[in-house]
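The block underneath contains the structure these notes are about, expressed in structure tokens.
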Amino acid sequence: MTKLYKAGILGTGSCLPERKLTNAELVNIVETTDEWIVQRTGIRERRIIDDDMPLARLAARAAENAINDAGIPKEEIGLIIAATITPDYLCPNLACSVQKELGISGVPAFDMNAACTGFIYAMNVAQQFIENGACKYVLIVAAEALSRVTDYQDRKTCVLFGDGAGAAIVGRVEDGTGIVCYTTGAYGELGHNLTIPCLYATGEDLAKRNEGKKQVVWMDGSEVFTFAARIMAEATLRVVSEARLSMGDVEYIFPHQANARIIQNAVKRLKYPIEKVYSNLERTGNISAASIPVCLDEASKAGMLKKGDRIVLVAFGGGLTYGALLLHWSR
Ligand code: UT7
């Protein structure tokens with residue numbers, strides 16, 4: 001395919017709900033301890049969306065932040081992609097609801113469900129629209145209200161998840177910056193290891209969950225853990241070697257924030273310094289698709305990233321899916 005333009009991130013934004021759910025509070029809800037959660041996951045608190053707050057509003061705030069950060073007229077956005085597994089409605093999709101909140105009528109808007117890999121998949125789609133000249137700007141908003149699909153009686157999952165939204169404006173960037181290469185993939189045959197039934201559920205799905213709870217997360221944590229550590233390292237190496245670089249050339253890695261031990265395990269396989277791996281897991285828990293764009297926004301606003309920095313974004317998630325991107329920071 002002819003690439004007319006280079007694609008990169010022009011601005012980022014994020015929005016986390018104000019309400020915190022700490023480990024100390026969870027200890028009163030389910031049989032667990034602060035020590036277990038911190039040692040086995042690295043998480044100390046997560047943010048929880050208010051019951052009367054639509055996810056679309058949280059997502060729109062993150063999107064507005066990204067639009068302001070990029071300094072672009074919102075009317076010139078040509079496509080809206082919402083990466084989520086917890087939309088307010090199946091129809092209208094989250095992207096259309098965000099579009100309504102933003103007041104940018106007319107342009108296509110669709111949801112992307114690749115679970116925690118959603119932001120990487122969405123970046124990959126946005127990249128095509130920018131490179132072939134179809135759009136000037138694409139808005140990606142990755143937003144999750146995982147507390148709405150969490151069973152707070154299931155200690156194997158409820159300690160992990162939080163809510164939040166991150167966004168990015170993808171657009172044309174100058175040569176020498178932007179997305180260099182990517183890898184994405186999925187193993188549907190492993191999908192049964194992490195499920196949230198929606199309109200349909202098998203007897204097996206129901207048997208795995210506490211009685212009467214259909215639309216909640218169930219996960220075989222150790223199966224997902226093994227997959228995650230291996231694929232995060234493999235996908236990172238793949239993009240780094242495709243770019244003819246070595247790990248020493250990478251300034252930062254932004255991994256999906258699921259478990260500190262997964263990140264440590266992957267980084268050890270890569271023989272990469274942990275200090276150069278961004279993490280906010282301690283404060284946010286796992287916010288699925290939103291995790292990487294929230295991290296990127298925090299790092300960008302903290303002045304950690306400078307133009308030309310080589311960074312890797314890498315994620316895995318339900319599906320099971322995975323993806324990695326290598327890019328030169330373009331702001
Ligand atoms: O974004 C993708 C989403 N998924 C993930 O990233 C999750 C990947 N997996 C993980 O992060 C980890 O597998 C978990 C954090 C979910 C679990 O950690 P683990 O080290 O794999 O623990 P385990 O499931 O092997 O359980 C060890 C023990 C069990 O007790 P027994 O059977 O050995 O007596 C569990 O019942 O820990 C127990 N346990 C807990 N204890 C206290 C499980 N959850 C808890 C808890 N508090 N919250």
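The values are calculated or read from the model by the stated rules, or taken from the named source; none is laboratory data. Since the structure is predicted, the reported quantities are computational estimates derived from the model, not experimental observations. Reconstructed Cβ throughout: ideal geometry from the backbone, glycine too, with neighbour counts over all protein chains shown. Only protein heavy atoms, including side chains, enter the accessible area calculation; ligands, DNA and RNA are left aside. Shrake-Rupley method; radii C 1.70, N 1.55, O 1.52, S 1.80 Å.
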At 37 °C and 0.692 mPa s, the Stokes-Einstein diffusion coefficient in µm²/s for the chain, with hydrodynamic radius from the Kirkwood sum on alpha carbon pairs, is 167
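Quick check: at a probe of 1.4 Å, how many percent of the accessible area of the chain sits on carbon and sulfur atoms?
49
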Cross-link reach from Lys136 to aspartates and glutamates, straight Cα distance under 20 Å and at least 8 residues apart if same chain, gives Glu64, Asp69, Glu75, Glu76, Asp111, Glu174, Asp175
In degrees rounded to 10, the 0-90 angle between helix 260-270 Cα long axis and the longest Cα principal axis of the chain is 50
In debye to the nearest 20, the charge dipole size for segment 187-241, taken about the Cα centre with +1 at each Lys and Arg Cβ and -1 at each Asp and Glu Cβ, equals 160
Straight-line reach check, Lys156, cutoff 19 Å on alpha carbons, 8 or more apart in-chain or any other chain, hits among lysines -> Lys208, Lys213, Lys214
Connecting every pair of Cα atoms under 10 Å apart in the chain and solving the GNM, the largest mean-square fluctuation among Cys96, Cys15, Cys198 falls on Cys198
Out of Val107, Ala134, Gly176 - ranked by how far each Cα lies towards the positive end of the dipole of the chain, with unit charges on the beta-carbon of charged residues - the top one is Gly176
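Report the charge-dipole magnitude of the chain in Debye, nearest 20, computed about the Cα centre from +1 at each Lys and Arg Cβ and -1 at each Asp and Glu Cβ.
Values: 35 positive and 38 negative charges, 153 e Å.
That gives a dipole near 740 debye.
Ranked from highest to lowest mean number of other Cβ atoms within 10 Å per residue, what is the order of the peptides 97-104, 80-87, 5-12, 288-295? Show your work: numbers first, answer last.
Numbers: 97-104: 19.6, 80-87: 26.6, 5-12: 23.5, 288-295: 31.2.
Result, highest mean first: 288-295, 80-87, 5-12, 97-104.
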Expected max-MSF residue from Tyr121, Tyr89, Tyr278 in the GNM of the chain (alpha carbon, under 10 Å) is Tyr89
For segment 179-328, the charge dipole (Cβ of Lys, Arg +1; Cβ of Asp, Glu -1; about the Cα centre) points to a positive end, and the Cα of Ser241, Ile292, Trp218 closest to that extreme belongs to Ser241
